[in-house]
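To start, the structure itself, in structure tokens.
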Amino acid sequence: MTDRAVPLEGVKVLELAEGVAGPFAGKMMGAMGADVIKVEPPGRGDAARAFPPFLDDAPHPETSGLFLYLNTNKRGVTLDLAHPSGRELARRLVGWADVIVESSAPGRLAEWGLGYEAIAPLNPGAILVSVTPFGQDGPYRDYQSSDLVALALGGLLYITGDPDREPLKLGGQPSEYFAGLAAFSAAMVALHHRDAGGEGQHVDVSVLEGIATAQMYAGLNYAYLHENRRRQNAFAPMFRAKDGHVGVMYRQPNWPTFCEMIGHPELVRDERFRDVAARRDHAGELNAIVAEWMASQPKEELYHRAQAARMPFGYICDARDLIESPQYGARGYFQEIDHPLAGRHLYPGMPIHWGHERWELHGAPLLGAHNAEVYGGLGVSGEELAVLRACGAI
Amino acid sequence: MTPRALAGLRVLDGTQVWAGPTCTKLLGDMGAEVIKVESARRLDVARGEVNPRSGAGIYPDGDPQERPWNRAGLYNDRNRNKRNICLDLTHPRGVDAFKRLAAKSDVVTESFRSGVMERFGLGYDDLRQVRDDIIMVSLSSQGATGPERAYGSFGATLEQTAGIASMTGYRGGDPTTSGTFFPDPVVAVFSVGCILAAVRQRDRTGRGTYLDLSQREVTTSIVGEMVMDYTMNGRRWEPIGNRHRVFAPQGVYPCAGDDMWIAITVRSDAEWAALARVMGRPELAEDPRLAGVLGRRAEHDRLDATIAEWTCQRDAYATMRELQAAGVAAGVATQGHQLFEDPQLVARGFWEEVDHPEAGRHPYLSRPFKLSKTPGGTYSYAPLLGEHTEVVLREVAGMSDEEIRELTELGVTSNDPTAFAPVED
């Protein structure tokens, strides 16, 4: 039996965040062995609890796949930060924590007496990580956002999609997840600094700036070439295979191998396709040849054959392909996690192997599941808990 | 002086292309000392070709000049705050030099195809011989184990194999990929935290470790709900274009001007009423069929047409401000030059200008996080090829002038890529 990987053992994380980004940061720290206490508003809980997919499509606050995925390895308590009695408990939790992750609108925490200025005297070593759509200051500070709006303003939307159609959204909630990872890493930077003798500090993560970091090409093209990069055809053009889609990628040295593979070795001597520029000029003709051949080939077989010939093809994996991927299977990427109400399901696991140690993942907490345990640990008596519950603070 | 969060941390960086270098750039931004190891025999792909064909690559003003590898935008974007040393790792003396640097480093990073470092004699077990508590981080495409461990990829193909492309595309159309290599920066921002967690573990236990990161797995970790809908319900997602899986309407609508578009998301019935008001169409807000989200989803095509009709003659920025003032989430699909003028990015100092001796002065993107007491920053330009070979070998590896001269004579530290034929992948 190998040991459990716990690089963040002893780190105490208070998660006042909801949705995707902040909880994703908390999830990573929890997986790494930090003690993560997730605080949710009494009653409704984290907003993600109300979002699909639900188990068997039956909406229930404990069976949202989005919530279940984002909240593994956490203890859960309820607390109403808008309630003065709730804030008293929150201050005790703040005193306990090394890292506090929050995602409220800029200024809201300060209104509740829990802004960084209030936290620092209480706990000088505390690291407050705020994750918001646009950051804590600036003219867009109070703007409303969505994943689509963040992709738009961050410059990634404009360069994605067909040149002759409207810009296209990258699927899912990429801007939120990206900000979550940025929050996780920034918390680690701040923790390193503090543990090396520095102080705690306020970390300001902007979802917009995450995407502005990720787009890269649009900014660089303008800075270097004074031109706006436009939507263009995919980097690894995709073709329809017999049972799905395959992304084709090869470099000039692999061109003969590629011609061989598609059963047209004579193309090597075809002047229309002699180099990258020529192939781009005659892309239509070449694509027609490739498309005709590919239509009869199974996607995974093509992927493996091309990779064996050192051409980094891809194939479109939907969730079933991922679950059935031999590579993911061999690495044990998906992990079965049990949950008292949602049952046992496969979840994406930790995407990194940590020496010979193994990750241990636990299901997301039921709403308020650890109230007695956590608040008891802070010295709140059972009688006091009953009072706070009756007043709606927890 | 503002403290630097990662001062004193030394990273020996063997990564190339995008994800790895962006990770070590962020570490450098935060104050770590990063030594990037390259070889003139096989340049970092981001440095481009030694003799780029016309129109290839991203060079200042489109001009590669005499040493294109020092002017490549893709390289300069992600290698600031590093020193650069050239070592031929296929030569035993190059391997020896690498090990002497590793002995003085906290962290070694690499992004070769799985197994390449071992073939150089620089695998984790080799490096542990020179420094027992070394932290080694491999950022490979598929991880260091499994049947596909030696497979190659680029960000675009990772989007395909990791799942995100399967739900990206116009409605009813084929799946597609993003206009960037989205997995690369995702891997970069995640790996920063992993490395620092490993450093923390070492500081507390005295043990180093080997981190085996799979870029494909990291990318799948950002499509959690897509996977969960399959494992819980057996559902396989398809592209839904620019629509939202819950809210309606959501879309990207044309505006006045050259290829200008605005993204709008209506997240509640109240926001729908606000949008109708701003559009000057109060009757839409009063239409009971559209008052609820189910009705708006059913009528999404018609609503898209109505909104587009309203936006198409309007200025995108004015429309965004007007909608935001009414509490509706809206944002311009920002084009290259507009990124540098965006009031929010400018106000927060997102762009950092850097003078580069061979590429000139340009603004570069900074970081996806701001730390109040250790903000970090750009301390030095992306290094010229081999710019710091001698000083690093002397000061870090502790080599004598005599040893350094020998390496030069053997060609191990050459920084002239024109002297070598391109190496096959």
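The values are calculated or read from the model by the stated rules, or taken from the named source; none is laboratory data. As the structure is a prediction and not an experimental result, all values here were calculated from the model. Virtual Cβ from ideal backbone geometry, glycine too; neighbours counted across all protein chains shown. Side chains are part of the model used for accessible areas, which takes the heavy atoms of the whole protein and leaves out ligands, DNA and RNA. Shrake-Rupley method; radii C 1.70, N 1.55, O 1.52, S 1.80 Å.
Could you please find all residues in region B:2-17 being at negative phi, open to solvent by 10 Å² or more (accessible area, probe 1.4 Å) and either at pLDDT below 95 or assigned to a loop (DSSP other than H, G, I, E, B) (or both)? The answer is B:Thr2, B:Pro3, B:Arg4, B:Ala7, B:Gln16. Just the residues that are surrounded by fewer than 24 Cβ atoms within 10 Å (Cβ to Cβ) and more than 7 Å from chain A (Cβ to nearest Cβ), please, taken from region B:182-202. The answer is B:Arg202, and nothing else.
Do you know which residues across region A:188-199 are facing chain B (nearest Cβ under 7 Å) and of a type in the set (Gly, Ala, Ser)? Across region A:188-199, the qualifying residues are A:Ala190, A:Gly198. Counted as qualifying within region B:317-387 are the strands (runs of 3 or more DSSP E) with 2 or more residues that are buried (at least 17 other Cβ atoms within 10 Å of the Cβ) and within 7 Å of chain A (Cβ to nearest Cβ), namely B:329-332, B:360-365, B:369-371. Condition check for B:Val223 on (1) within 7 Å of chain A (Cβ to nearest Cβ); (2) among the aliphatic types (A, V, I, L, M); (3) open to solvent by 10 Å² or more (accessible area, probe 1.4 Å): one failure, at (3). The residue pairs whose first member lies in region B:1-28 and is within 18 Å of B:Arg113 (Cβ to Cβ) and within 11 Å of chain A (Cβ to nearest Cβ), whose second member is of a type in the set (D, E, K, R) and assigned to a helix (DSSP H, G or I), and whose beta carbons are closer than 8 Å, counting only pairs six or more residues apart or on different chains, are B:Trp18/B:Asp184. With the structure loaded, tell me whether A:Val205 is among the β-branched types (Val, Ile, Thr), at the interface with chain B (Cβ under 7 Å from one of its Cβ atoms) and touching a Pro at 6+ places or on another chain (Cβ under 7 Å) or whether it fails that test. Considered against the rule, which asks whether it is among the β-branched types (Val, Ile, Thr), at the interface with chain B (Cβ under 7 Å from one of its Cβ atoms) and touching a Pro at 6+ places or on another chain (Cβ under 7 Å), A:Val205 comes out as yes. Applying the criterion of being open to solvent by 10 Å² or more (accessible area, probe 1.4 Å) and polar (S, T, N, Q) to the residues of region B:23-69, the residue that is modelled with the lowest pLDDT is B:Ser54. Looking at region A:20-31, can you tell me whether even one residue there is more than 10 Å from chain B (Cβ to nearest Cβ) and either touching a Cys at 6+ places or on another chain (Cβ under 6 Å) or β-branched (Val, Ile, Thr) (or both)? No - not one qualifying residue is present in region A:20-31.
Where helices (runs of 4 or more DSSP H) fall wholly inside region A:323-394, the ranges with 2 or more residues that are away from chain B (no Cβ under 12 Å), more than 21 Å from the chain's Cα centre (by Cα) and closer than 22 Å to A:Gly76 by Cα are A:371-377, A:382-390.
For region A:271-311, the tally of residues that are part of a loop (DSSP other than H, G, I, E, B) and over 30 Å from B:Pro147 (Cβ atoms) stands at 3. Counting only helices (runs of 4 or more DSSP H) wholly contained in region A:20-97, the ones carrying 3 or more residues that are open to solvent by 10 Å² or more (accessible area, probe 1.4 Å), under 17 Å from A:Leu385 (Cα atoms) and not polar (S, T, N, Q) occupy A:84-96. Scanning region B:311-360 for residues being of a type outside the set (Gly, Ala, Ser) and more than 30 Å from B:Leu385 (Cβ to Cβ) gives a total of 25. Within region B:387-407, residues that are without any contact (Cβ under 8 Å) to a residue 12 or more places away in the chain reach partners that are part of a helix (DSSP H, G or I) with beta carbons closer than 7 Å, at six or more positions or on different chains, in the pairs B:Arg394/B:Ile404. For region B:104-159, the set of residues classified as in contact (Cβ under 8 Å) with a residue 40 or more places away in the chain and among the charged types (D, E, K, R) consists of B:Lys104, B:Asp106, B:Glu110, B:Arg128, B:Arg131, B:Asp132, B:Asp133, B:Glu159, listed by residue number.
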